[in-house]
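Here's the structure we're looking at; comments come further down.
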Amino acid sequence: MAFTIGGAVLLVVVMLDILLTMVGANQSSPIAMRVGKAAFDLFKLLPLGAFKHRLMGPAVMTVVASYWVAALALAWSLIFFGSDAAIDFQMEERGSGPLDILAHVGHLLSTVGGGVSRPESTSAALMGVLIGVNGMVVLTLSVSFVLGTTNTVVTGRQLFVSLDIADDANRIGDRAFLDKLIGFLVALNASPMALYFSHEDEEFRIPKRLATLLQMIAEDSPETARTLAGLLPGLKAGPAASLRARLDDWARRYAPAPGLLRGAASPERDGG
């Protein structure tokens, strides 16, 4: 019974984490973001290069997805292990152990089927249906989650290009551009995993470019910049006077390499 209760609690926690991250209109669940940040910090240790910049965002999202899959499989395995739901392994005449249960849960979660196990009781069959539905829900939500994140990255880079082809100072004061910036910041707030996507050209790195952009806005309108900065995921709150320092610190946390300071030339751009 203790295993079943523990598995049920873990299942609820993980599903809340998934739902808040994938379909929440606000910032992602703190669990998923911490897992993503830990993976991002590890990838920072890789040597700088074009491949690293292309890899970081997809790799971080893969780590987060792997955590979700592993946690769901563990939760359902604990529920099975602590219940009286019997499983028959057609290829061997023996009882089911922890790894057998994990294999059974794994092929049910995948929604593909093809496993060598089958339920021997009604409770096991019903649990199998729930696991399959759970797998389909997560798979369906994952598609929109990935598309939403990558669309946010693309929208940000499109915004930066439109800024580059005109004079920065004149364009920043344009109301139409400000509306686009607000729309992008709201989308970024709902899809903060986009911050982990890097680029060979530092002008297309979302955290660094946003920090620079908001600092330019702050020169003419500190309160406007402070309001816009409040939409940035993970930015510490504070007065307008400290906004520049807080933006620098925020952008530095998402730099593709440790110690890569804002404004410093990257090795690739210096020919490295």
Taking θ as phi - 60°, what are the ³J(HN,Hα) couplings along region 144-159 by the Karplus curve (6.51, -1.76, 1.60), each to the nearest whole Hz, with x for Gly and Pro? 5, 5, 5, 4, x, 5, 5, 5, 5, 4, 5, 4, x, 5, 5, 5
For M193, M33, order by how many other beta-carbon atoms lie within 10 Å, fewest first: M33, M193
Applied in sequence order to region 222-231, the curve 6.51 cos²θ - 1.76 cosθ + 1.60 (Karplus, θ = phi - 60°) yields integer Hz couplings, x standing for Gly and Pro, of x, 6, 4, 4, 5, 5, 5, 5, x, 8
Residue by residue through region 197-213, the couplings from Karplus 6.51 cos²θ - 1.76 cosθ + 1.60 with θ = phi - 60°, in Hz, x for Gly and Pro, are 8, 9, 7, 4, 8, 5, 6, 9, 7, 4, x, 5, 5, 5, 4, 4, 5
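Going highest first, how would you order 4-11, 181-188, 217-224 by mean Cβ packing within 10 Å?
Working: 4-11: 16.0, 181-188: 17.5, 217-224: 14.5.
Packing order, densest peptide first, comes out as 181-188, 4-11, 217-224.
Read-outs throughout are calculated quantities, based only on the coordinates presented, and are distinct from any laboratory measurement. The structure presented is a predicted model; accordingly, all values stated were derived computationally and were not measured. Note: ideal-geometry Cβ built from the backbone for every residue, glycine included; neighbour counts use all protein chains shown.
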